[in-house]
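Q: Just passing along the structure, written as structure tokens.
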Amino acid sequence: MGIGPEKGLFPFYNNETNMEWSSLIREIGARGGQYHEIWVDVVRLDTLFEKYGIPYYLKIDIEGMDNVAVE
């Protein structure tokens, strides 16, 4: 599952050069030229908070979507 600005099914770019570059954002996930696309369910972060509660601690490292999660 991915975190994004809206709920839906979106392409995720799984980077084969460096898995830490994988992202919902093509320009980030496709760096290095070796990647494949998969489709993932995406939800807003507040949807997870509503379902599971507000966490005591939250680390966000979601390649290019960090600001979307914080907003």
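FYI, it's all coordinate maths here, none of it is from the lab. Bear in mind that the values here come from a model prediction, so they are computed numbers and not experimental data. Neighbour counts are summed over all protein chains in view; Cβ atoms, including those assigned to glycine, are modelled from backbone coordinates with ideal geometry.
Q: Among Leu24, Leu58, which is in contact (Cβ under 8 Å) with a residue 40 or more places away in the chain and of a type outside the set (S, T, N, Q)?
A: Numbers: Leu58 fails: in contact (Cβ under 8 Å) with a residue 40 or more places away in the chain.
From the options Leu24, Leu58, the qualifying one is Leu24.
Q: Can you tell me which residue is farthest from the chain's Cα centre (by Cα) among those in segment 14-44 that are within 14 Å of Gly4 (Cα to Cα) and hydrophobic (A, V, I, L, M, F, W, C)?
A: Trp39
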